[in-house]
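The values are calculated or read from the model by the stated rules, or taken from the named source; none is laboratory data. Quick caveat: nothing in here was measured; it's all calculated off a predicted structure. Note that we place each Cβ from the backbone using ideal geometry, even for glycine, and neighbour counts take in every protein chain shown.
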Amino acid sequence: MNYSKIGIFAVFFIALAILAFTEFSPTSAQTFLACSPAVATATVGQSFMFSATGGTGSYTWSAPDLTLVNPTGSGFTVNYATPGVKTITVTSGTSTANCILNVLAAATTTTTTIGLPGTGGGGAALFQ
């Protein structure tokens, strides 16, 4: 038996494993990216803030139906003029996460003036 070849093979295999681990290790720390709250409800015209955690610590926000001004940072505020289910996306490094905002139509109020009869306050005279 020739043990020298087995020893060379083992050293070569260990060296390859170390090289592979070193080559494919992430160069920067990146943790699970999350958008919070994941689902929320607001009314038309109401500002709502989302926040991001994890990822690389650098964030970019996007939404297909919203014009964004300076969409970077861990927090982002949205304000929609139309109702519907809106998707807001945050990206950090190679990871993305979505937040969902259900935008409801603003409540409408109706004002009715009730007057006393015969006083000119909107009511009809009961006795004439």
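General remarks:
- Look at (1) more than 11 Å from Cys99 (Cβ to Cβ); (2) modelled with pLDDT of 90 or more; (3) not small (Gly, Ala, Ser) and you find that Pro37 fails only one, number (1).
- Looking across the stretch 68-108, the residues that are of a type outside the set (S, T, N, Q), assigned to a strand (DSSP E or B) and within 17 Å of Ser36 (Cβ to Cβ) come down to Gly75, Phe76, Val78, Lys86, Ile88, Val90, Ala97, Cys99, Ile100, Leu101.
- If the condition is being within 10 Å of the chain's Cα centre (by Cα) and assigned to a strand (DSSP E or B), then the stretch 43-67 contributes Met49, Phe50, Ser51, Ala52, Trp61, Ser62.
- Tabulated pairs, the stretch 77-91, first surrounded by 12 or more Cβ atoms within 10 Å (Cβ to Cβ), second basic (Lys, Arg), C-beta under 9 angstrom, 6+ apart or interchain: Val78/Lys86; Tyr80/Lys86
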